[in-house]
1. Just how large is the dipole of the chain about the Cα centre, in debye to the nearest 20, putting +1 at every Lys and Arg Cβ and -1 at every Asp and Glu Cβ?
2. When Rg is the radius of gyration of the Cα atoms in segment 1-84 and Rh is its Kirkwood radius, what does Rg/Rh come to?
3. Which entries of 61/157; 90/127; 40/157; 61/139 show an alpha-carbon separation above 21 angstrom in the structure shown?
4. Of the trypsin sites (Lys or Arg not before Pro) in segment 32-122, which ones lie in a loop per DSSP and count no more than 11 other C-beta atoms within 10 Å?
5. Tell me the Rg and the Dmax, in Å, that the Cα atoms of segment 90-193 produce.
6. Mind telling me which of 167, 122, 192 comes out most flexible in a GNM of the chain, alpha-carbon contacts under 10 Å?
7. If you filter segment 125-207 for trypsin sites (Lys or Arg not before Pro), then keep DSSP loop positions with at most 16 other Cβ within 10 Å, what is left?
8. Can you run the Rg to Rh ratio on the chain? Use alpha carbon positions and the Kirkwood inverse-distance Rh.
Amino acid sequence: MAGKVGIANTDDIPDLIEIFWEAFSGPGEVVFPHTDGGRKWLQRSFENFLGQKSYYRPESKIAVVRNLNNRPVAMAIAHVVRPGQNIGAKSWKSRWGRCEDIPGVSEEQLSEFFDPLARAHYLVVGKEGHMFIELVMTKSTSRGRGYASALMGWAIKIADNLDIPCYLDAGMRGMGICDRCGFKAQDIEMRYGGPPPCTPMLRSRKQ
């Protein structure tokens, strides 16, 4: 049903790539190139998220909101991180797809994007189990309809059912939604050695 949160499937991947590319257009294209190679990497990454569960990495989930034509117009990528699972340093490589065999996609550029976020993430939650809301995105033509809030609510409900906190990296656009959903900004500047690239935010276990 249009406007409701549901779970993505592999048939949705072309639309998920388009949503992702719109969010990372302009300067973001340096890291996530809008090329055949960039599409191949994202295809592989989304297949990884939607694939079989692995004991060794967090359990990835993709939720979507669909339009009247049943096509995704908003999505959230979230991960259930079990106690002791790695979410620091190069952990992005176990979630996203390999890129070493894809021309035009740079592991160095990806590391420059993901590694600082992972460092802040680890400083806040360490090895504690939690829900990691990695990305929430809505197509520009579908914003202002509450889809991002609905996707956040989907992830929070999973976390509450598992009795674990939620973590995310917030940009300026998403701060209001985070505040309304009970997230609190984490001050880690002194431990980080300067301001982190995004604002680390934590929502405690359901009380």
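1. Approximately 740 debye in magnitude.
2. 1.00
3. Going by Cα-Cα distance, 40/157 fall outside the 21 Å limit.
4. For trypsin sites (Lys or Arg not before Pro) across segment 32-122 that sit outside H, G, I, E and B with at most 11 neighbouring Cβ atoms in 10 Å, the list reads 53.
5. 15.5, 42
6. Among 167, 122, 192, the largest GNM mean-square fluctuation belongs to 192.
7. 127, 143, 145, 205, 206
8. On the way: Rg = 16.3 Å, Rh = 17.4 Å.
Here the Rg-to-Rh quotient is 0.93.
All of the numbers you see were taken from the coordinates with simple rules; none came from a lab. The model shown is predicted, which means the values in this text are computed figures rather than measured ones. No Cβ is skipped: glycine too gets one built from the backbone with ideal geometry, and neighbour counts run over all protein chains shown.
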